Amino acid sequence: MRMINQIIWLTGQPGSGKTTLANLLKEHFEKSKLFKNQPVIIVDGDDLRDITVNKDYSKRGRENNIETAQKIAKFLFNKNFITIVSLVAPYKELRESFKSNSQYLKSFYIRMKLEAESISL
């Protein structure tokens, strides 16, 4: 059976639904006959910060987190995983550089419109 590995990169603001969408995509791939027996993994920004103990939210700290996610995604891709990355990645130049070096990368910016409801008590 032909392996269809790829990297799906979901980025957007905190709370935009990246992790929720990543979990739904993972579930879809795991249930799909097209991707039967294809390993699927999520690289989530919050989990990545916990694993690497990177609590630095400065520009350099964020760049390190993004670069680490890119390295992990590429490693997993080379091991025939479908890799779903859900990460706040505010620096377009890093995203564009990764895209230009990864022909199997699908990148999506997630936006969620939140509407506040007024509740009277």
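Laboratory data are not the source of any read-out in this text; all were calculated from the coordinates shown. For clarity, every value in this text was computed on a predicted model and none was experimentally measured. Positions of Cβ are generated from backbone atoms using ideal geometry, with glycine treated the same way; all protein chains shown enter the neighbour counts.
Just a few scattered comments:
- Based on Cα contacts under 8 Å between residues 6+ apart, the chain shows a relative contact order of 45 percent.
- Relative to the current alpha-carbon distance between residue 28 and residue 55, full extension at 0.36 nm per residue lengthens the span by 6.5 nm.
- DSSP finds beta bridges in the chain, and of those with both partners inside it, around 0 percent are antiparallel.
- Annotation note: trypsin sites (Lys or Arg not before Pro) in the stretch 25-74 located in DSSP loop regions with a Cβ neighbour count of at most 10 within 10 Å are 33, 36, 55.
- Computed helical MRE - 222 nm, the chain, DSSP H runs ≥ 4 contributing -39500 (n - 2.57), nearest 500: -13500 deg cm²/dmol
- Checking every one of the GluC sites (Glu not before Pro) in the stretch 20-121 against DSSP loop status and a limit of 11 other Cβ atoms within 10 Å picks out 115, 117.
- Mean projected area (nm²) of the alpha-carbon convex hull when the stretch 50-90 is viewed from all directions: 3.0
- Values of log10 I(q)/I(0), in the order q = 0.15, 0.16 Å⁻¹, for the chain under a Debye, Cα-only, solvent-free model: -0.69, -0.77
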